[in-house]
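Structure record follows, encoded as C-alpha cells.
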Amino acid sequence: MSTAGEPLEISVSEVVRRRDAGEGFLLLDCREPEEAQIASIGGAVLLPMSEIVDRVGELAGNEGSRIVVHCHLGGRSLRVAAWLRQQGYPRAQSMAGGIDQWAVEVEPGMARY
C-alpha cells in the first residue's frame, strides 16, 4: 500500500539518511509517555496512539509534509501512519522496527525494553 508514490513503511537507515541530508520531516512518537521516559529519539514529538484521534488537530499544517511515525517495534506506528493517510496526511510513514531497531542501528547505548 502506498500513497503519493511513497511506501507506508520506511527503514531506520532511510530515516537517518534523510535526517542527515537535512530533509525536513516530522518525527512522531506514538508510544505512551511511560515508554518515552525509558528511551526517546531526539527531536521526536510525542503524540500517543491512545490520544491521536483527539489530538490530530495538533498536526495541522503538516498535510504536505513527510511524517515519520515510530513506536516500540513498528506495529502501532503502522496503524497510526495508515490512519493519518486517511485523515489527509498522504506522506505519513511508519518507521519499520520502531525505536528498538533504532537502538540497534543508530544508538547502540539506548535503553531497550
For region 47-62, Karplus-derived ³J(HN,Hα) couplings (6.51, -1.76, 1.60; θ = phi - 60°; whole Hz; x for glycine and proline) come out as 9, x, 3, 5, 10, 5, 4, 6, 10, 4, x, 5, 8, 3, x, 9
Karplus 3J(HN,Hα) series, Hz, for region 94-109 with 6.51 cos²θ - 1.76 cosθ + 1.60 (x for Gly, Pro):
9, 7, 4, x, x, 5, 5, 5, 4, 4, 5, 8, 10, 10, x, x
Any residue on another chain or 5+ positions along whose placed amide H is under 5 Å from the amide H of D29 is listed here as V45, L46, L47, H70
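Starting from the Cα coordinates of region 9-113, work out the convex hull volume and express it per residue in Å³.
Numbers: hull volume 9.3 nm³, N = 105.
Enclosed volume per residue, from the Cα hull, is 89 Å³.
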Hey, can you rank 52-62, 34-44, 78-88 by average C-beta count inside 10 Å, highest first?
78-88, 34-44, 52-62
Place the peptides 5-16, 94-105 in order of packing, highest mean first, counting for every residue the other Cβ atoms within 10 Å and averaging per peptide.
94-105, 5-16
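Any read-out appearing in this document is the output of simple, stated calculations on the displayed coordinates, not a laboratory observation. The model shown is predicted, which means the values in this text are computed figures rather than measured ones. Reconstructed Cβ throughout: ideal geometry from the backbone, glycine too, with neighbour counts over all protein chains shown.
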